[in-house]
Amino acid sequence: MRHQKKGSTMYFLLVFVLQALWVSWCHATQHYPASWGHYDVCKSQVYAEDRLAWHYMACQPEATDMTKYLTVSLDPPNITCGDPPEMYCALENPYMCNNECDADTEELAHPPELMFDSEGRNPTTFWQSTSWKKYPKPLQVNITLSWNKTIELTDDIVLTFESGRPEQLVLEKSLDYGRTWQPYQFYASDCLDAFTMEPKAVHQLTPSTMLEIICTEAYSTGYVWKYDKTVRFEIKDRFALLAGPRLHNMASLYGQLDTTKNLRDFFTLTNLRIRLLRPATGATMVDENNLSRYFYAISDIKVQGRCKCNLHANSCVFDKGKLGCECEHNTTGPDCARCKRHYQGRAWSMGSYLPIPKGTANICIPNNLGTSVRPNASSLGAANRNQARVCDNVLLRCQNGGMCHHHQRCQCLAGFGGVLCEKAQCQGDSCEDLQSSQLSLRPLPAAQTLPLTLLSLIPSLLATRGLTSL
């Protein structure tokens, strides 16, 4: 009995250790977008040619909730319910008509700003339109979101409806502050009937057709069930066509964004317009005797993105009701889209995501330097050696086994050079041999050392329980 108890203890111990090893290995081998860097640093100081100078990198602001910075307008302007007060019925139960909208009573009003307040409140807050009291005239609403700034989308656009999801809807975008509009996606319960388009889903697209404008029937069921209140524009699914199902290969996406203007423009906008064309009816025929059942109500709109700064800024400020990039690299303008005065020694160019992971800054250079200046060369002169460090915990450490000397320079091993010993001074096949011989000098990531540590503990753990042999 005692032997069985020991055997059982050993079995569970081994299972626990192996499970920990498996989880650690999985984390170590997965490559999420973060592994390619966030491009969140615009410049750093490095030691070059016996002085400290600036090294420039491509950079961009962090993605955030862009609904905090928009203005919203409705067309027609008097489409919001409550003036005059009105009673509404539930779509699924025409005899349940106990919902009142009154613009003069705070707890009964449903103004547009409630589409952007905090979710999770009880009761739920939402914007609501007037009912379809002018049927058969279409009940149509345009909801326009404006940023007065170019932004880049980084995640799905999500609309959450408190009413039934519309049977017909179009999502549109503008790149010129609302002067012209292009469709992003069509939504309908019957795409062929509503828009003379064959229905299609994003997962049916390919890398060569990823910019195709489609009509989907996936988000247009009429009744409000527990899990089908949302309408999505799937940004990440389109990213995945280039970066893989879990966005593992962001290098491929960044490369395409660098070289394909149409791709960059597809995810870029200044305004977003939601065109509600037909409310949920829940049936093929509209009940003309109870038009209070038909209306639009939206509780939340999510737009995740960042300011477009052309890879010349890592922050964007909201000042006096307006967004603007805090430009680096001697650039200026709301989108950092031109060179500063006296820094027009060559034509302005946007930064580049390549090479991964820090990209190329393509800084603007002083007028008197000409075009012979290297893209990332410093135009600011030497920095104070006592206040900046080349190799410390903030900037990059010495690579390939190099040793940091007084935080000011890297002492490189034979065969390596450069500011941080990052360059192999060899030719042909000898480079690979030299680099592989230095791998043992680099500290292993925690995700790789943890399995080794756990394995080393197994003999001692078994020995303490008298289970050193099977």
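Counting residues in region 130-172 as N, plug N into 2.2 N^0.38 Å and put the Cα Rg over that result.
1.55
What does the net charge come to around Val202 if you take all other residues with beta carbon closer than 11 Å to its beta carbon, with K and R at +1 and D and E at -1?
Details: positive: Lys200, Arg232, Lys236, Arg238; negative: Asp156, Glu212, Glu234, Asp237.
Charge balance near Val202 sits at 0.
In whole Hz, what ³J(HN,Hα) sequence does region 330-335 give by Karplus (6.51, -1.76, 1.60; θ = phi - 60°), x for Gly and Pro?
Result, rounded to whole Hz: 6, 9, 8, x, x, 10.
To the nearest 10 square angstrom, how much accessible area does Val231 have with a 1.4 angstrom probe?
10 Å²
Would you list Asp190, Asp155 from the most to the least accessible area, probe 1.4 Å?
If we order Asp190, Asp155 from most to least accessible, we get Asp190, Asp155.
HN-Hα J couplings of region 76-81 from phi, Karplus 6.51/-1.76/1.60, θ = phi - 60°, integer Hz, Gly and Pro as x?
For region 76-81, the Karplus curve yields x, x, 9, 7, 6, 5 Hz.
Ordering His110, His312, His203 by accessible area with a probe of 1.4 Å, largest first, what comes out?
The ranking, largest first, comes out as His203, His110, His312.
Contour minus end-to-end for Glu62 and Thr260, with contour as 0.36 nm per residue of separation and end-to-end as the Cα-Cα distance? List each step's numbers first, then the result.
On the way: separation 198, 0.36 × 198 = 71.28 nm, distance 2.22 nm.
The span from Glu62 to Thr260 would gain 69.1 nm if fully extended.
Over the alpha-carbon set of region 186-335, work out the extent along each principal axis and list the three values in angstrom, largest first.
Cα extents, longest axis first: 66, 41, 28 Å.
What is the sum of charges, Lys and Arg at +1 and Asp and Glu at -1, for the other residues whose Cβ falls under 11 Å from the Cβ of Glu100? Spell out each step's value before the answer.
Working: positive: none; negative: Glu86, Asp102, Glu107.
Overall, the nearby charge balance is -3.
Using only Cα positions of region 233-300, each an equal point scatterer, no hydration layer, compute I(q)/I(0) via Debye at q = 0.18, 0.23, 0.25 Å⁻¹ and quote the log10 values to two decimals.
Values returned for q = 0.18, 0.23, 0.25 Å⁻¹ are -0.79, -1.02, -1.12.
Measure out, as a whole number of angstrom, how far apart the alpha-carbon centroids of region 146-167 and region 253-326 sit.
With region 146-167 and region 253-326 each reduced to a Cα centre, they are spaced 4 Å.
Treating the Cα atoms of region 283-374 as identical point scatterers in vacuum, please give the log10 of the normalised Debye intensity I(q)/I(0) at q = 0.12, 0.15, 0.16 Å⁻¹, two decimals.
Log-scaled intensity ratios, in q order: -0.53, -0.68, -0.74.
Using only alpha-carbon positions, what ratio does the radius of gyration of region 146-248 give when scaled by 2.2 N^0.38 Å?
Details: Rg = 14.5 Å, N = 103, 2.2 N^0.38 = 12.8 Å.
So the Cα radius of gyration is 1.14 times the expected 2.2 N^0.38 Å.
Once region 60-136 is represented by equal point scatterers at the alpha-carbon sites, with solvent omitted, what log10 I(q)/I(0) does the Debye formula produce at q = 0.13, 0.14, 0.18, 0.20 Å⁻¹?
For region 60-136 at q = 0.13, 0.14, 0.18, 0.20 Å⁻¹, log10 I(q)/I(0) is -0.51, -0.57, -0.86, -1.00.
Please compare each pair in Lys229/Lys261; Lys149/Lys358; Lys200/Lys229; Lys43/Lys322; Lys43/Lys261; Lys68/Lys149 to a cut-off of 23 Å on the Cα-Cα distance and tell me which ones are over it.
Where the Cα-Cα span goes over 23 Å, the pairs concerned are Lys229/Lys261; Lys149/Lys358; Lys43/Lys322; Lys43/Lys261.
Given the Cα-Cα distance of Ser118 and Asn367 and 0.36 nm per residue of separation, how much length would full extension add, in nm?
84.7 nm
Skipping prolines and chain starts, which residues have an amide H placed within reach, meaning under 5 Å, of the one on Ala109, given they are 5 or more residues away or on another chain?
Placed amide hydrogens put Asp102 under 5 Å from Ala109.
Starting from 0.36 nm per residue, how many nanometres of slack lie between Met403 and Cys97 once their C-alpha separation is accounted for?
102.5 nm
Kindly sort Phe267, Phe126 by accessible area of their heavy atoms, largest first, with the probe set to 1.4 Å.
Descending order: Phe126, Phe267.
The values are calculated or read from the model by the stated rules, or taken from the named source; none is laboratory data. Predicted model, so just to flag it, every value in this text is computed and none were measured. FYI the Cβ positions are ideal-geometry reconstructions off the backbone, even for glycines, and counts take in every protein chain you see. Surface accessibility is based on the protein's heavy atoms, side chains included, excluding ligands, DNA and RNA. Shrake-Rupley method; radii C 1.70, N 1.55, O 1.52, S 1.80 Å.
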